[in-house]
Amino acid sequence: MLGRLTIEALPFYSWVAMGGAFVTVAGGVAVFLLITYLRAWKVLWTDWLTSVDHKKIGIMYVVLALVMLVRGFVDALMMRAQQAIALNSEGYLPPEHFEQIFSSHGTIMIFFVAMPFLTGLINIIVPQQIGARDVAFPFLNSVSLWMTAAGAALVLVSLVVGKFSQAGWTGYPPYAGIEYSPGVGVDYWLWALIVSGVGSTLSGINFIVTIVKNRCPGMTFMRMPMFTWTTLCISILIAFAFPALTVVAAQLTLDRTLGFHFFTNGDGGNMMMYANLLWIWGHPEVYILILPAFGIFSEVVATFSRKRLFGYPSLVYATACIALLSFTVWLHHFFTMGSSANVNAVFGIATMIIAVPTGVKIFDWLFTMFRGRIEFHPSMVFTIGFMVTFVIGGVTGVLLALPPADYLMHNSTFLVAHFHNMLIPGALFGYFAGLNYWFPKAFGFKLDRKWGIRSFWFWLIGFYLAFMPLYVLGFMGMSRRMEHYADPNWQPYLVVAALGAICVMIGIACIAIQLIVSARNWGSSRDITGDPWNGRTLEWATSSPPAPYNFAIIPDVRDIDAFHDMKIRGTAYAPSAQYQDIVMPKSTPLGPILGALAFGLGFAFVWYIWWLVALCFVLSLVCVGIRACDDNSDFVLSAADVEKIERARLAQISSADLHDMRDFVPLGEASGEALPGRVM
Amino acid sequence: MTELSAGNTLLLEEEEKTSLEAREFGFWIYLMTDAVIFALLFATYAVLANNSAAGPTSQDVFELSHTAGETALLLLSSLTFGFATIAMTLGRSGRVVFWLIITLLLGICFLAMEFVEFQGMLEKGAGPEVSGFLSAFFTLVGTHGLHVAFGALGICVMIGQVLIKGLTLPVRSRLVRLGLFWHFLDIVWIGIFSVVYLPGVM
């Protein structure tokens, strides 16, 4: 009846695991009670969970990411604490628990922090940046969100029922095969990846179509804001790369569950094929995480330098170039696994070439700042911190791209330091910059500046303290994923790294405090005009938070910095003479239901509860069938209602609230000459 | 939400047209992601094709005449789906249903033949758990079969929609997309025939 799910699945094997399980369950119960106490279930369900509004879906993605960030960070803190004290001793974590922690840390940070964070920001902003009312497929968007949430739920449940994978976040067989990992851990990992991976694929398809089809008049490809450009590139990457993850995870699942021989040691399996298939997805994945952050930095740098982005076309080409090259380098993840010298050389050179377009971008941002009127907003501070730190990571990356050097550094903490050096400034700092930058757009009030700056400094200093020692330890020969060690020379560095982790913890606390303080100061930090930073791109043309339809009148765009141009021309806040009816998608419970079924399917597969697998599968088919027959998924918002909303908004704005644009009027315009680079 | 007036209905129809256009484009991209899945399964098969681990080899298990029968059924079903699409453009819903039913029957016959083939292999002790070669074979061909099964389910739903709603704009759009899916499976099968079966018996 319950497959291999027995009472032994509960985490009585270690006090630490029991503590983790207790915190997870208690957290869930607390949230449940809080919502019940606030009588918020109905509002939550009708206004949020079943919503297909891209802005609400985006906010839910970011909330998921922030919750999982805390969970993933606790794992990091536990690892640092263990390694700081585990010289010639066992520390406080049993080996099998330590292995689960490093596996879940990587899995959570990549799949359930970075992916939902960037998808959330994209959801909130991209449709507005291209002057669209919505994404191309609002319902599909909701399904993507709930599949991602289902994957995250599987990881969280593994803490309470059963164990998580001990095979690292890359799950290499044969260790991840059934022979060496007979428990449920790897299955949890696999199903979390499959379920959330399908959600990501659907998201990618959605945003390709949205950006190609839904742009407003005048928004040519070479006038799209950089964030939209990076989103288009990563959506294409997602559509090409994520199917590879689905394939490799399904194959490993077949190996484990039905005794197939894709990656086994004997009977004709081939382990190297796993490495190839995994990194065909895995290498593009790091660019999927980083490129949207590059887009955010581009927006932030232009806005807070009060200048047009330097070298916009070169940034576009560099982005496309990076996207393309990301598919040509996957083998650098296994230089040491016995390919010929020529193969290694080709992939080494391909890897180093990526530094070129990335360098182009860094210089473009620097030149944008050059002679700009820089404002040290938290977003801008994160951007500058990124530029300095990321270059260090780039240099160590080029070093690792040399196959001979890689033979020395392979699987050492040098590698760990390198990829954290790319992903923390290159992805996470970007998302934090985006959070500070776009928060008023999503919620209608600004985040507290002081606590934003504080969080930045703790993150930055914490990052250097935590990872620079790991570079050194890599040179000293410490391999990654060590549960304890015997070399006393390592310990001081590991203690410093642990201090760094504590610093980052304070940084995370600062973000939490920033959110609370800002919410309490809600009244005084309102964003009335919808344009708090004197922004340049079209998302600032909507109200904050935007009306469900974003734009009452679809804008007509004449410039790269479309909104900046509208403000100079004085057309930005002009009320329309006539409003029109607007077609909107209806909310539907099918999104969360499909997510719940995906969770049930994954959970049942993990525990071999075959009747539940069949049930969830059939019900999913039924739901898809119901949706496929639905012809009434839209409704009409009348012109009168639209007019009411718009007039109320414009009535709030007095001319004193608007930004003074006199300084920004280009000289060419004043002299009556046509502006260079402006196509009329 | 307001009551639907005649103007609103027009507006909804207008919106429907643009959204259906986007859906078709999106469906092409979905097919591309599916093509990536099949490409990687093909690559896996190419790597493992000779890893029969002292078990049955491709010469032992493939029967070209059986496969030829499957191929004929599937290609024919693509043709009959084409007839259904033509009938749709002529606006003759009765014929659409007729050709869809023929397509469905051909698809089911294909699945039955595949089932017989798999059953026979299992009985001969050539199941997917025997060797890397057989794992790759069953996964690739089975994934294609699973797609055909989903397509057949889709045809059932489609027949119901045509019968109940007639050839409305959304129904026609769905029919076109289902057709893309069905023809796509044909192309994949041609790949399977020429990468798996033909070299397998040579």
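The values are calculated or read from the model by the stated rules, or taken from the named source; none is laboratory data. These numbers come from a predicted model, not from an experiment. As a convention, Cβ positions derive from the backbone with ideal geometry for all residues, glycine included, and neighbour counts pool all protein chains shown. In case anyone asks, the SASA skips ligands and DNA or RNA and just uses the protein heavy atoms, side chains included. Shrake-Rupley method; radii C 1.70, N 1.55, O 1.52, S 1.80 Å.
For the structure I just gave you, tell me whether A:ALA552 is modelled with pLDDT under 90 and out of contact with any Leu (no Cβ under 6 Å at 6 or more places or on another chain).
Answer is no for this residue.
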Task: Unmet criterion (only one of (1) without any contact (Cβ under 8 Å) to a residue 60 or more places away in the chain; (2) buried (at least 23 other Cβ atoms within 10 Å of the Cβ)) for A:ALA176 - done: (1)
Task: Residues that are in a helix (DSSP H, G or I) and touching an Asp or Glu at 6+ places or on another chain (Cβ under 8 Å), drawn from segment B:105-146 - done: B:PHE110, B:MET113, B:GLU114, B:GLU117, B:GLY132, B:SER135, B:VAL141, B:GLY145
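Looking only at residues in segment A:246-259 that are open to solvent by less than 20 Å² (accessible area, probe 1.4 Å) and within 10 Å of another protein chain (Cβ to nearest Cβ), which one is nearest to B:VAL36 (Cα to Cα)?
Ranking the candidates gives A:VAL247 first.
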TODO: For segment A:589-611, indicate whether the set of residues that are within 14 Å of chain B (Cβ to nearest Cβ) and without any contact (Cβ under 8 Å) to a residue 40 or more places away in the chain is non-empty.
DONE: no
Task: Residue list for segment A:381-434, restricted to those being crowded, with 20+ Cβ neighbours inside 10 Å and in contact with a strand residue (DSSP E or B) (Cβ under 9 Å, 6 or more places away or on another chain) - done: A:SER412, A:THR413
- [ ] Only residues in segment A:454-482 that are without any contact (Cβ under 8 Å) to a residue 12 or more places away in the chain count as the first member; pair them with residues that are open to solvent by 10 Å² or more (accessible area, probe 1.4 Å) and not in a helix (DSSP H, G or I), Cβ under 9 angstrom, at least 6 apart or cross-chain, and list the lot.
- [x] none
Task: Search result, residues across segment B:161-177 that are out of contact with any Asp or Glu (no Cβ under 9 Å at 6 or more places or on another chain), more than 8 Å from chain A (Cβ to nearest Cβ) and assigned to a helix (DSSP H, G or I) - done: B:VAL162, B:LEU163, B:ILE164, B:ARG172, B:LEU175
TODO: Please go through segment B:130-149 and pick out each residue that is among the aliphatic types (A, V, I, L, M), over 18 Å from the mean Cα position of the chain (by Cα) and closer than 14 Å to A:GLN251 by Cα.
DONE: B:LEU134, B:ALA136
- [ ] State whether one or more residues within segment B:110-121 are within 14 Å of chain A (Cβ to nearest Cβ) and among the acidic types (Asp, Glu).
- [x] no
Task: Close pairs (8 angstrom Cβ cut-off, 6 or more residues apart or separate chains): within 12 Å of another protein chain (Cβ to nearest Cβ) and assigned to a helix (DSSP H, G or I) in segment A:191-210, of a type in the set (Lys, Arg) and open to solvent by less than 10 Å² (accessible area, probe 1.4 Å) anywhere - done: none
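Condition check ((1) farther than 30 Å from B:GLY200 by Cβ; (2) in contact with a Cys (Cβ under 9 Å, 6 or more places away or on another chain); (3) at pLDDT 95 or above) across all residues:
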position: B:GLU63; (1), (2), (3): no, no, no
position: B:LEU73; (1), (2), (3): no, yes, yes
position: B:SER78; (1), (2), (3): no, no, yes
position: B:PHE81; (1), (2), (3): no, no, yes
position: B:LEU90; (1), (2), (3): yes, no, yes
position: B:ARG95; (1), (2), (3): yes, no, yes
position: B:ILE102; (1), (2), (3): yes, no, yes
position: B:GLY107; (1), (2), (3): no, no, yes
position: B:PHE110; (1), (2), (3): no, no, yes
Open item on the list: For the condition closer than 24 Å to B:ALA46 by Cβ, open to solvent by less than 10 Å² (accessible area, probe 1.4 Å), within 8 Å of chain B (Cβ to nearest Cβ) and not hydroxyl-bearing (Ser, Thr, Tyr), what is the one hit in A:PHE263, A:PHE242?
Closed with: A:PHE242
